[in-house]
Amino acid sequence: GNSVTQMEGPVTLSEEAFLTINCTYTATGYPSLFWYVQYPGEGLQLLLKATKADDKGSNKGFEATYRKETTSFHLEKGSVQVSDSAVYFCALTRPNTNAGKSTFGDGTTLTVKP
Amino acid sequence: EPEVTQTPSHQVTQMGQEVILRCVPISNHLYFYWYRQILGQKVEFLVSFYNNEISEKSEIFDDQFSVERPDGSNFTLKIRSTKLEDSAMYFCASLTDGTYGYTFGSGTRLTVV
């Protein structure tokens with residue numbers, strides 16, 4: 001079946017540090033890949049997405065590239081801010097479906113200190 | 001920006017009681033989902049709903065759970081007889097196409113005592 005494996009947290013960084021949160025997946029075919037963010041006390045928000053190999057999703061300074069050869073979708077940001085402190089979820093939607101369920105990773109908690 | 005609205009934001013109920021969690025998806029979306037999240041971590045799929053019927057459900061979604069879209073606007077999740085382990089955040093989501101990603105509601109925190 002489909003699965004998503006995320007880098008274990010928690011991750012603690014100083015402001016302006018470089019961020020990488022690793023995400024790898026297992027799926028047959030070509031799933032769509034997503035990163036969602038959950039700020040404290042809030043719901044999940046779509047952060048970025050990529051729907052085919054070599055696509056790069058980007059939003060709010062975050063980027064992730066769909067790597068079919070390594071089945072990865074690592075999240076990166078060049079300079080994190082305190083306001084980026086949140087839980088980040090990598091997810092995939094089952095391939096070859098118009099709108100199937102998504103499979104989520106376990107989430108990675110990021111804390112950015114001033 | 002269109003939103004998915006969930007009510008109530010927090011529900012406390014006694015074990016064995018029925019609860020109904022309500023969601024208003026984005027109006028032009030076609031696919032609707034319920035997910036739950038225990039302890040602020042793992043997000044678990046419960047059920048998907050399309051064209052007025054369940055399209056997929058997980059093992060969690062047993063006979064105690066049901067969903068309906070009674071009026072073309074609201075999308076509800078009912079738990080008939082709640083258990084302690086049903087305590088979680090329940091998120092409703094909707095989308096128009098699987099490549100766009102979900103729009104989630106802000107969630108209902110269900111506490112079963």
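The values are calculated or read from the model by the stated rules, or taken from the named source; none is laboratory data. Note that the structure is predicted; figures quoted are calculated from it, not measured. Quick reminder, even Gly has a Cβ in these numbers, built from the backbone with ideal geometry, and neighbours come from all protein chains shown.
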B:S73, sole failed condition from (1) in contact (Cβ under 8 Å) with a residue 12 or more places away in the chain; (2) within 21 Å of B:Y102 (Cβ to Cβ); (3) surrounded by 11 or more Cβ atoms within 10 Å (Cβ to Cβ): (3)
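Conditions (1) more than 16 Å from A:T93 (Cβ to Cβ); (2) touching a strand residue (DSSP E or B) at 6+ places or on another chain (Cβ under 6 Å), marked per residue:
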| residue | (1), (2) |
| --- | --- |
| B:V24 | yes, yes |
| B:Y31 | no, yes |
| B:L39 | yes, no |
| B:E53 | yes, no |
| B:G72 | yes, no |
| B:K78 | yes, yes |
| B:S81 | yes, no |
| B:T111 | yes, yes |
Where a residue in the stretch A:46-75 is under 18 Å from A:A17 (Cα atoms) and its partner, wherever it lies, is surrounded by fewer than 20 Cβ atoms within 10 Å (Cβ to Cβ) and of a type in the set (G, A, S), with Cβ under 7 Å and at least six apart: A:G61/A:G78
Which numbered condition A:E63 fails, given (1) of a type in the set (D, E); (2) on the phi > 0 side of the Ramachandran plot; (3) assigned to a strand (DSSP E or B): (2)
When residues of the stretch A:16-42 are limited to those that are within 14 Å of chain B (Cβ to nearest Cβ), surrounded by fewer than 23 Cβ atoms within 10 Å (Cβ to Cβ) and modelled with pLDDT under 95, the one nearest to the chain's Cα centre (by Cα): A:Y39
Residue match in the stretch B:42-54 (condition: in contact (Cβ under 8 Å) with a residue 60 or more places away in the chain and either basic (K, R) or buried (at least 21 other Cβ atoms within 10 Å of the Cβ) (or both)): no
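Condition test on A:V82, is it of a type in the set (A, V, I, L, M), out of contact with any Leu (no Cβ under 6 Å at 6 or more places or on another chain), in contact (Cβ under 8 Å) with a residue 12 or more places away in the chain and away from chain B (no Cβ under 14 Å)?
Working: of a type in the set (A, V, I, L, M): yes; out of contact with any Leu (no Cβ under 6 Å at 6 or more places or on another chain): yes; in contact (Cβ under 8 Å) with a residue 12 or more places away in the chain: yes; away from chain B (no Cβ under 14 Å): yes.
Spelling it out, A:V82 is indeed of a type in the set (A, V, I, L, M), out of contact with any Leu (no Cβ under 6 Å at 6 or more places or on another chain), in contact (Cβ under 8 Å) with a residue 12 or more places away in the chain and away from chain B (no Cβ under 14 Å).
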Single residue of the stretch B:91-108 satisfying the filter (in a strand (DSSP E or B), modelled with pLDDT under 95 and over 18 Å from B:S55 (Cα atoms)) that is nearest to the other protein chains (Cβ to nearest Cβ): B:F104
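Show me the strands (runs of 3 or more DSSP E) entirely contained within the stretch B:1-70 in which 3 or more residues are within 13 Å of the chain's Cα centre (by Cα).
In the stretch B:1-70, B:5-7, B:19-24, B:31-37, B:43-50, B:65-68 are the strands (runs of 3 or more DSSP E) which contain 3 or more residues that are within 13 Å of the chain's Cα centre (by Cα).
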